[in-house]
Amino acid sequence: MRAVVQRVDGAEVVVDGETVGAIHGEGLCVLVGVTHEDTAEKAATLARKLWSVRILEGEKSCSDVGAPLLVISQFTLYGDARKGRRPTWNAAAPGEVAEPLVDEVVARLRELGATVETGRFGADMRVSLTNHGPFTIVIDV
């Protein structure tokens with residue numbers, strides 16, 4: 001699994017003009033991609049890392065300050081544009097594999113005590129955020 005994690009001062013996801021997920025104030029906006037070898041165990045590992053990674057103000061984690069997370073599925077994180085002009089998506093898991101694993105990340109975060117908002121899997125989403133820093137990292141598990 002791969003996650004692009006941004007420290008934000010707020011973020012939202014809009015689908016067909018409707019806000020489907022939003023966080024306000026300090027938190028993390030997390031784009032999650034799933035590849036073919038990913039498992040529920042990797043989803044749990046990613047959730048623990050997201051909850052405890054110390055990238056908020058003052059080197060705090062979401063678990064330290066109760067900051068919310070906005071988790072959004074994004075298969076394009078496994079796009080490969082090394083050849084030609086069009087990326088290939090061969091490394092991205094198909095929806096029937098990826099969706100339950102993204103849901104598992106969200107469920108595990110909530111079990112840890114996190115407030116989690118989400119996008120809508122497979123939808124044409126509009127994501128807005130205020131990146132604080134800017135501060136962006138990539139986590140691979």
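The values are calculated or read from the model by the stated rules, or taken from the named source; none is laboratory data. It should be emphasised that the depicted structure is a prediction, and the values quoted were computed from it without experimental measurement. Cβ coordinates were reconstructed from backbone atoms using ideal geometry, including for glycine residues, and neighbour counts include every protein chain displayed.
Listing for the model above:
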read-out	value
Cβ-Cβ under 9 Å pairs, at least 6 apart or on other chains, the stretch 79-95 side within 16 Å of Arg2 (Cβ to Cβ), far side of a type in the set (Phe, Trp, Tyr) and not in a helix (DSSP H, G or I)	Gly79/Trp89; Asp80/Trp89
Search result, residues across the stretch 17-69 that are in contact (Cβ under 8 Å) with a residue 60 or more places away in the chain and more than 20 Å from Asp103 (Cβ to Cβ)	Glu26, Val53, Ile55, Glu57
Qualifying position, being touching a Cys at 6+ places or on another chain (Cβ under 8 Å) and crowded, with 22+ Cβ neighbours inside 10 Å, among Leu109, Leu69	Leu69
Candidates Phe121, Phe135, filtered to the one that is in a strand (DSSP E or B), aromatic (Phe, Trp, Tyr) and within 16 Å of the chain's Cα centre (by Cα)	Phe135
Residue identified as surrounded by fewer than 19 Cβ atoms within 10 Å (Cβ to Cβ) and either at positive phi or at pLDDT 95 or above (or both) among Val102, Val97, Val116	Val97
Positions within the stretch 1-36 being surrounded by 24 or more Cβ atoms within 10 Å (Cβ to Cβ) and outside any strand (DSSP E or B), in sequence order	Met1, Val34
